[in-house]
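The values are calculated or read from the model by the stated rules, or taken from the named source; none is laboratory data. Given the structure is predicted, the values throughout are model-derived calculations rather than measurements. Methodologically, a virtual Cβ is constructed for each residue, glycine included, from the backbone with ideal geometry; neighbour enumeration extends over all protein chains shown.
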Amino acid sequence: MTASVRPAAVDARGWGWRYASRRRWAAREVSLRIDPGTRVLLLGASGAGKSTLLHALAGVLGGDDEGESLGELTIDGVPAARARGRAGLVLQDPDSQAILARVGDDVAFGCENLGVPRAAIWPRVADALDAVGLDVPLDRSTSALSGGQKQRLALAGVLAMRPGLILLDEPTANLDPAGVTEVRDAVARSLERTGATLVVVEHRLDVWLPLVDRVVVLGEGGVIADGSPDAVLHGHGRELAAGGVWVPGFPPPPPPPPAVSPGAPLLEARELAVARVRGSIVAGSVDLDVRPGEVVGITGPNGAGKSTLGLTLAGLLAPAKGRVAASTSLAGDAKREPIAWSSRQLLTRVGTVLQDPEHQLLATTVRRELEVGPRALGLGEGEIAARTDALLARLRLAALADANPYTLSGGEKRRLTVGGMLATRPRVMVLDEPTFGQDALTWAELVALIAELRDGRGGGGESPAAVVAVTHDAAVLGALHAREFALRAP
């Protein structure tokens, strides 16, 4: 059984952080105390500083050359940046956290960095895997795990270090419902066995409320609400929801129903099989039409091939079998297969938003990122400025126009990549988890924007767009009246 750990205490006294490339503080005037063993759900609107606080507690924000700090942030009275090994952090993306090729080596990695004696490491690895319920061989390839398994692997790597403070930054954002339950239950077991202090950031609350005993809400002026879940969510629910916090019982308003009927297909997939690696098919045989005026929602468990299917429809991966063909109205005088199109030809035909925003960031500022596509099309400076300014305003990014995209929050990065795709006004849009990391307000605004594009209600005389949404967010599909296309587990 996993050994008990000494739960950590957290103190913030007027703490704040500003990235070196930003005028605006990512977090400011944060003051709170978290007693040892407390389980905290940390809430706030997108950009309120939740992830910044977690990264500071984990000691991964960087030094003075990467930003400026105010006040004090300590773990057990020691500055968080120097409290080595006392905090362990699990991030949003399951794929970004597997460091080594084999499960056992990956779990042992943190212990090795902390200088744990070799004889003690492997018992810790076994204990940690048992605590999270990941019963796989130590030599199992980390790339062969499902999304939920990868998140439990990341949690096991944290537990093996035996930190007194466990930090979870939207750990279920990209998981299917089964994966969400896996990770939540693994966290619950781990807390019971270790007694560690917990701080979890999530926009959706229902899954975590049974595990926590305190809710803290961050705003621009620091902590704006703090107390028991019932006191915060029922006592301040209406005003928190108005500020963008997801609060049970206060759903964001849905967009209007479709204003047009679906048109003739712009893309057709026939007997299509898809693969990331040649010869390793993950989904097929697929027959699917993508029509303007309609949203197709691609759903299914982690590992079913949803993202791979999206990339193949978008012309970024070649079909393993079968074909994807474009209509003549979409292809024009180019070849009918999107995979044969150049990147410039794709820009106005099929736009793609990848699951991980950082995989498609190219520029040094938010404004320049939005300008990449229009400049590649050779548009005039006036048109580029008009499109960019409109997107900055619509996506609530105007105040961040000069910021480095990599310093944005996860939700802000997602809106930026959506904006970069929209800047070239493609007729087909393939969106992979378009709403992850969003607060209630920005979620509603993104969904409304997608509905406008679907219906051709952009105000510029645009034709209805065809939208493919790869998502685990059932609320998105319901709000957009999407036609669901479900993939099965391989």
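Quick notes
- On inspection, Leu233 does not qualify as at pLDDT 90 or above, in the same structural domain as Arg33 (by TED's automatic domain parsing), aliphatic (A, V, I, L, M) and more than 22 Å from Gly437 (Cα to Cα).
- Residues satisfying the stated conditions in the stretch 434-477, i.e. more than 16 Å from Arg204 (Cα to Cα) and within 20 Å of the chain's Cα centre (by Cα): Glu445, Leu446, Val447, Ala448, Leu449, Ile450, Val467, Val468, Ala469, Val470, Leu477
- Residue within the stretch 112-131 that is touching a helix residue (DSSP H, G or I) at 6+ places or on another chain (Cβ under 7 Å) and under 30 Å from Gly411 (Cα atoms) present: no
This table checks each residue for (1) of a type in the set (D, E, K, R); (2) under 29 Å from Ser228 (Cβ atoms); (3) touching a strand residue (DSSP E or B) at 6+ places or on another chain (Cβ under 9 Å).
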{"site": "Asp35", "(1), (2), (3)": "yes, yes, yes"}
{"site": "Val40", "(1), (2), (3)": "no, yes, yes"}
{"site": "Leu54", "(1), (2), (3)": "no, yes, yes"}
{"site": "Glu66", "(1), (2), (3)": "yes, no, yes"}
{"site": "Glu72", "(1), (2), (3)": "yes, yes, yes"}
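- Any hit, the stretch 72-84, residues being buried (at least 22 other Cβ atoms within 10 Å of the Cβ) and either touching a Pro at 6+ places or on another chain (Cβ under 9 Å) or more than 22 Å from Val201 (Cα to Cα) (or both): yes
- Taken over the stretch 324-343, the residue count meeting the criterion of being within 14 Å of Glu268 (Cβ to Cβ), assigned to a loop (DSSP other than H, G, I, E, B), hydroxyl-bearing (Ser, Thr, Tyr) and free of Cβ contacts under 8 Å to residues at least 60 places away in the same chain is 0.
- Filter pass, Leu57 being more than 21 Å from Pro405 (Cβ to Cβ), within 25 Å of the chain's Cα centre (by Cα) and crowded, with 19+ Cβ neighbours inside 10 Å: yes
- Unmet criterion (only one of (1) at negative phi; (2) loosely packed, with under 15 Cβ neighbours inside 10 Å) for Gly249: (1)
- Residues considered: Arg238, Arg214. Of these, the only one that is of a type in the set (D, E, K, R), assigned by TED's automatic domain parsing to the domain that holds Arg24, farther than 21 Å from Ser409 by Cβ and out of contact with any helix residue (DSSP H, G or I) (no Cβ under 9 Å at 6 or more places or on another chain) is Arg238.
- Pair list, Cβ under 6 Å, 6 or more apart: the stretch 125-138 residue in the same structural domain as Glu192 (by TED's automatic domain parsing), other residue among the β-branched types (Val, Ile, Thr): Val125/Val107; Asp127/Thr2; Ala128/Val107; Ala131/Thr2; Val136/Val103; Leu138/Val103
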